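Values quoted throughout were computed directly from the atomic coordinates according to the rules given, and no laboratory measurement underlies them. Being a predicted model, the structure only gives us computed values, none of them experimental.
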Amino acid sequence: MNRGIVFGLIFYLTSSVLWGQVAGNMNCMSCRNRTIIGGGNEFLSAGAFSIRMGQYEEGIRLTELGLTRYQPSQGDRSVAQSNLCAAYAARGEPLVAIDYCTESIRRIDERNWRAYNNRAYSYYLLGKLSEATVDLDMAAQINSDARQVLQLRGMINERGLRPRVIMEDHQ
């Protein structure tokens with residue numbers, strides 16, 4: 001009984017390490033939420049899993065090992081850089097996150113909506129709402145059904161609509 005649980009857990013963990021990268025035909029609406037299972041680079045797979053579990057330092061360490069020890073494909077490199085962007089943003093380091101997302105988008109994959117969304121979130125953390133909106137619009141053009149895009153748009157709109165008090169100087 002216990003052996004079956006252990007093997008089931010191992011199978012689940014190894015088969016559920018998801019890259020979060022869109023697969024296949026970008027015009028297919030049902031295909032946009034499909035993910036690619038990271039199988040060739042165990043460090044990138046483990047790093048993605050750690051980041052998804054909220055263990056950002058470990059995820060960053062493993063992802064950087066995967067990028068340096070192996071020669072990942074351009075697609076894997078793009079996903080890994082987007083994952084690093086997400087991890088650094090979640091740790092509250094938006095400036096570092098923006099660099100990783102920009103690298104993922106500019107040099108590797110301009111169709112990576114997650115990289116645009118992650119960079120938009122990093123700009124949001126910095127209070128740069130106009131830059132965040134531009135990136136969020138790009139993410140929405142690529143994948144208009146992503147709930148993360150809708151959620152972040154709501155956060156940006158909420159911050160932009162906050163009332164502000166204006167004080168006058170009296171001399």
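Extents of region 45-138, largest first, come to 37, 25, 17 Å (Cα atoms, principal axes, whole angstrom). Full extension of the chain between Q55 and T68 yields a length gain of 2.7 nm, computed as 0.36 nm times the residue separation minus the alpha carbon distance.
Over region 85-143, the Kirkwood radius and the radius of gyration, each from Cα atoms, give a ratio Rg/Rh of 0.94.
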